Every structure is written in structure tokens, then in C-alpha cells.
Amino acid sequence: MSSAVILVLALSLVIGLSLGVLGGGGSILTVPILVYVAGFGPKEAIAASLFVVGVTSAVSVVSHARRGRVRWRTGLLFGAAGMAGAFVGGLLGGHIPGQILLIAFAVMMVATSIAMLRGRKKKDDGGAAPAKHELPLGRVLLDGAVVGLITGLVGAGGGFLVIPALALLGGLPMAAAVGTSLVVIAMKSFAGLAGYLTSVQLDWGLVLAVTAAAIAGTLVGSRIAGRIPEDALRKAFGWFVLAMGTFVLTQQAPGELRPIIIAAVVALTLAGAGICWLFVNSCPLRTIGRNRRRSSSRPSPA
């Protein structure tokens with residue numbers, strides 16, 4: 001067994017760990033590993049990542065379900081809609097130049113990471129009923145089809161698109177969004193793979209070995225998921241996706257443009273963080289809520 005294969009298998013453990021803990025990040029790692037370490041072409045790497053992530057996600061769902069972190073109705077509906085979009089995306093991806101696919105892959109990663117770092121705007125509901133844990137049917141089907149199309153096209157967009165849809169838009173707690181996203185990822189991945197296999201051939205021996213290593217990693221990751229604070233988990237995921245997206249984008253760009261791309265990503269991230277900070281700290285509702293808490297904490301006059 002060559003050193004490159006050993007390295008690929010070792011890194012595959014991290015793929016599974018990412019899926020088990022974060023409910024995503026599998027394709028983010030799998031595609032770069034297969035392209036830059038294993039020497040796969042972009043289309044072959046995307047197709048292989050769909051298989052690896054699909055199988056690994058399906059295995060990881062079991063552990064999350066036992067801990068009550070899967071919303072089955074939302075996951076199955078989202079996944080069913082995503083399968084249709086993913087199959088169409090896989091068919092289209094087989095006829096698009098590999099460099100364009102990788103650039104689209106990286107741009108989407110950077111944009112989504114910024115959304116994750118920004119987080120969900122919290123409302124001062126004054127003790128109102130908690131957010132719904134099941135998305136409306138129409139919203140589930142629409143979001144699932146769009147995310148599925150992107151996943152099938154570039155072999156990514158599993159966790160780092162599904163989790164924002166479930167956590168940021170749907171109001172699911174992060175742990176439930178992670179567990180539910182694995183159901184969606186598995187369904188969409190297999191549909192996207194079916195589309196790619198109409199025009200792509202894979203080295204199934206290496207693909208199966210990578211899948212086995214990833215499964216081992218996800219079994220470990222699923223055991224520690226839910227023990228990390230929600231905000232810290234979301235931010236760590238966002239920074240991770242941003243770093244990987246920037247890496248892939250710079251690798252595909254001409255040498256003279258790489259410093260410009262890195263500077264642009266850093267500037268965009270800092271600007272987004274600054275705007276969010278100003279908005280949160282200047283929000284009237286936040287100020288009112290803070291004043292109310294201060295008033296309630298003062299002792300009443302005798």
C-alpha cells in the first residue's frame with residue numbers, strides 16, 4: 001500500500017469525524033482529499049464523495065436517532081425533494097468542465113460559511129412558545145429541491161447547506177439539525193451519484209476503502225455530538241468551511257490572483273462580522289430587552 005493511499009485513508013477518518021460531529025463537512029473534505037492527495041479528476045472526486053458521504057451519513061444516522069436528534073418528517077420530505085434535484089444535478093455535472101465545478105464548489109463554501117458565522121438572529125419573544133421543530137411542507141420541498149440540485153452538481157452542499165436551512169431558517173436546535181441533516185445527505189448523495197455514474201467511472205477499490213475509514217470516524221464523532229455548546233459548534237463549522245473554501249478557490253485560480261482572492265475573502269468576512277456586530281448591538285429590541293432586565297433586577301422600594 002503506497003504512502004499516498006495510507007494518507008488518504010487517515011484523512012478519511014477525519015471525514016467521518018466531521019460528519020458525526022457536525023452533520024456535514026464530508027464532501028468539503030472528501031473532494032479536496034481525492035483531488036489533491038489521491039489524484040482523482042474533479043468529476044471522479046465529486047462522484048466518489050457522493051458515495052462516501054452517502055454511506056457514512058446513513059451509518060451515522062443510527063446513533064443520532066437513538067439519542068432523539070432526528071426529525072424524521074422534515075428529514076424524509078427534505079431528502080425526497082433533494083433526491084430529484086440531486087439526480088438532475090448529477091446529470092448536468094457530468095458535462096461541465098471540472099475546473100468550473102471546483103470553482104463553484106469553493107464559492108458556495110465561502111458564502112455558506114459566512115452565513116453560518118453570522119448565525120441566526122435571536123428574537124426577544126418574552127417567553128413565547130418555542131420555535132417549531134418541523135418546517136412547513138412547501139418550504140421543505142422547495143429548499144430540498146434547490147439544495148439537492150446544488151449537491152448533485154458539485155458533490156457538496158450536504159451539511160453546510162442543509163444545516164443552515166434546518167437550524168437558521170427552520171428553527172431546529174443545532175443538535176437536531178445535525179442529526180436530521182444526515183438523513184437528507186444520505187438520500188441526496190445516492191441520487192446525485194446515480195446521475196454522475198451515467199458519465200463517470202470510479203476506482204471502487206479505493207472508494208470503498210475511504211468509505212470504511214470514514215465510517216470508523218463517524219462512529220466516534222456521533223458519540224461526542226451534542227456535548228459541544230451550540231454556538232461554539234456553529235462557529236467552528238463556519239470557520240472550517242471558510243478555510244477549506246478559500247483553499248480550493250486559490251488552488252483553482254491563476255497564481256497572480258491568489259493573494260487577491262485571499263484578501264477578498266478576509267475582507268468580506270471581516271465586513272460581514274462588523275455589520276452583524278453593529279446590527280446586534282444597535283438593535284432597539286435588544287436595548288429595550290436589556291433595560292427591562294436591568295429594571296427587573298433592581299430591588300423594589302420598601
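The values are calculated or read from the model by the stated rules, or taken from the named source; none is laboratory data. Every value quoted in this text rests on a predicted model; they were computed, and no experiment measured them. Backbone-built Cβ (ideal geometry, glycine too); neighbour counts: all protein chains shown.
Determine whether Gly75 is buried (at least 20 other Cβ atoms within 10 Å of the Cβ), at pLDDT 80 or above and at negative phi.
Spelling it out, Gly75 is indeed buried (at least 20 other Cβ atoms within 10 Å of the Cβ), at pLDDT 80 or above and at negative phi.
Could you list all residues from the stretch 125-156 that are surrounded by fewer than 14 Cβ atoms within 10 Å (Cβ to Cβ) and modelled with pLDDT under 55?
Asp125, Gly126, Gly127, Ala128, Ala129, Pro130, Ala131, Lys132 - these are the residues of the stretch 125-156 that are surrounded by fewer than 14 Cβ atoms within 10 Å (Cβ to Cβ) and modelled with pLDDT under 55.
On the basis of being surrounded by 11 or more Cβ atoms within 10 Å (Cβ to Cβ), at pLDDT below 70, in contact with a Lys or Arg (Cβ under 8 Å, 6 or more places away or on another chain) and outside the structural domain of Gly179 (by TED's automatic domain parsing), does Cys283 make the cut?
no
Return yes when Leu92 is out of contact with any Ser or Thr (no Cβ under 6 Å at 6 or more places or on another chain) and closer than 16 Å to Gly152 by Cα and no when it is not. Before the answer, list the steps.
Numbers: out of contact with any Ser or Thr (no Cβ under 6 Å at 6 or more places or on another chain): yes; closer than 16 Å to Gly152 by Cα: yes.
Against the criterion (out of contact with any Ser or Thr (no Cβ under 6 Å at 6 or more places or on another chain) and closer than 16 Å to Gly152 by Cα), Leu92 qualifies.
Looking at the stretch 161-214, which of its residues are among the hydroxyl-bearing types (Ser, Thr, Tyr) and buried (at least 24 other Cβ atoms within 10 Å of the Cβ)?
Just the residues of the stretch 161-214 that are among the hydroxyl-bearing types (Ser, Thr, Tyr), to begin with: 180-181, 189, 196, 198-199, 211.
Listed by number, the residues that qualify are Thr180, Ser181, Ser189, Tyr196.
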